[in-house]
Amino acid sequence: MNEHGGFIDLRLNNQDKQGNESFWPSFTDVMTVIMMIFLISMVVVLLRNMELVKEIRATMEAERQAVELARSTGAEKADLASRLDSALEQLQAADTRVNELQLQVLRLQEQNKVRARAVADRDQQLKTLLEERNNLTQQAAQLMLDKQAADKAVTAAREKETLSKRQLADFQQQYARLKEQLDRQSLQIAVLKSKLNNQEQQLAATREERQTVEEKYLVLADEYDNLKVRYDKLVRPARSSKGRHLVEVRYFKKGGKPRIEWRDGHSGEFRAVSRGQLEKALARLKKQHVDGLYVKVILPENSGLSYSEAWTFTNDLHKKYDYYFQEAPEQPTTPPDPPRDTAE
C-alpha cells in the first residue's frame, strides 16, 4: 500500500516522491486494464453476433412461409378463374336458350294474328250469309250447312287459339325459370368475383409483408457488416497497401456480360482479361512478391452486378491472393448482402 490508497500514481511529475519505485509495475497495471477492456468488448461483440444470427434465421423462416402462402394463393386464384370461365359459358348458353324461346314466342304470336284474321274473315262471311238468307230462301238449307261448317271451323280455330295460348303460357313459365336461373348464376359469379378480389388483396398483403421482411434483413445485414468491421479493427491491424504490391481489378457488366479489367500498380491503362487470365497473372505476382499482394477490387457505379455476384468475385480474389485475407482465418463464403459500387 502506498499513500494513494493502493493505486499507483501515474503522474509524470511524481518522480521526486517515488524515486525508489520501479517503472515496470506501473506499466504492467496499465496493460492489464487495457487487456480487461479488450476482453469485455470482445464478449459484448460475440453476444451481439449470436443475437443477430438468431434474428436472421427467424427472418428466413418468415420469408419461406410467405413464399408458401403466395404459392397456395396462386393455385386458389387459378381454380377460381377456371370456375368463373365455366359459369360464364353456362351464362352464354342460357342467353342463347332465352333468345331461341323469344323467337318461338314471336312466331306463335304471328300465327295467332293470322288465325285471328281468318276467324274475322269467317265471321264476316257468316254475317253476309245471314243477310242473304231472307233473299235466298231456296238456298237456306245449303246456307245452313255452310253455317254449320263455318261454326265448326271457328270452333277448331278457337281451340287452336286456346292451345296456342297455353303453349305461350308454358313458354313464359320456362322463360321465367330460365331468367331465375340466370339471376342465380349471376349472383354466383358476383360471389366468385368477390372471393377472387379477397384472394388478390391477401396476395398483395403477403407481398408487402415479404418486402418488409427483406428490408429488415438488409438492416440486420448492415449492422452485421458494421460489427464485423469493428471486430476486425479490434483483433488485427487495418488492411493497408503500404509495403505490399498493388494490383487493381475492375469488375462490371457490359451488355449483360461480365467484364474484367486490371492493371499492375497505379500507373498504366486497364486491360481487359478473362477470369482465367486474371488468376494466372495474380498467381504469378503472388509468387514473385514475398511481402504479399494488395488486391484492390473496383466496382463502378451502375455496374449492373447483383450483391451476390459482387461479393463472390471480391471475396474469391481476396481469399486466394490478398495478403490480408491470407493471414486471416477463413472468412464465411455466404455472408449477408455486401456493399455495392465501392472500391475495396
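The values are calculated or read from the model by the stated rules, or taken from the named source; none is laboratory data. Remember, it's a predicted structure, so these values are computed and weren't measured experimentally. Cβ: placed from backbone, ideal geometry, glycine included. Neighbour counts: every protein chain shown. To get the accessible areas, we keep the full protein, side chains included, count just its heavy atoms, and leave off ligands, DNA and RNA. Shrake-Rupley method; radii C 1.70, N 1.55, O 1.52, S 1.80 Å.
Before moving on, here are some points about what is shown:
- Residue match in the range 84-92 (condition: among the hydroxyl-bearing types (S, T, Y), open to solvent by less than 80 Å² (accessible area, probe 1.4 Å) and over 30 Å from E223 (Cβ atoms)): yes
- Some residue of the range 57-69 being of a type in the set (G, A, S), part of a helix (DSSP H, G or I) and modelled with pLDDT under 85: yes
- Residue match in the range 110-117 (condition: in contact (Cβ under 8 Å) with a residue 40 or more places away in the chain, more than 30 Å from E159 (Cβ to Cβ) and in a helix (DSSP H, G or I)): no
- Of all residues in the range 265-307 being in a helix (DSSP H, G or I) and basic (K, R), the one that is surrounded by the most Cβ atoms within 10 Å (Cβ to Cβ): K286
- Taking first residues from the range 71-89 that are farther than 17 Å from L182 by Cβ and partners that are open to solvent by 60 Å² or more (accessible area, probe 1.4 Å), the Cβ contacts under 7 Å between residues at least 6 apart in sequence or on separate chains come to T73/Q202; L80/K195.
- Residues satisfying the stated conditions in the range 180-198, i.e. among the charged types (D, E, K, R) and surrounded by 12 or more Cβ atoms within 10 Å (Cβ to Cβ): K193, K195
- Taken across the range 1-16, residues that are charged (D, E, K, R), modelled with pLDDT of 80 or more and open to solvent by less than 70 Å² (accessible area, probe 1.4 Å) do not occur at all.
- One residue alone among K160, K127, K165 is in a helix (DSSP H, G or I), more than 30 Å from S86 (Cβ to Cβ), touching a Lys or Arg at 6+ places or on another chain (Cβ under 9 Å) and open to solvent by 60 Å² or more (accessible area, probe 1.4 Å), and that residue is K160.
- Selected residue [of a type outside the set (F, W, Y) and either within 51 Å of the chain's Cα centre (by Cα) or under 30 Å from L203 (Cβ atoms) (or both)] from L182, L126: L182
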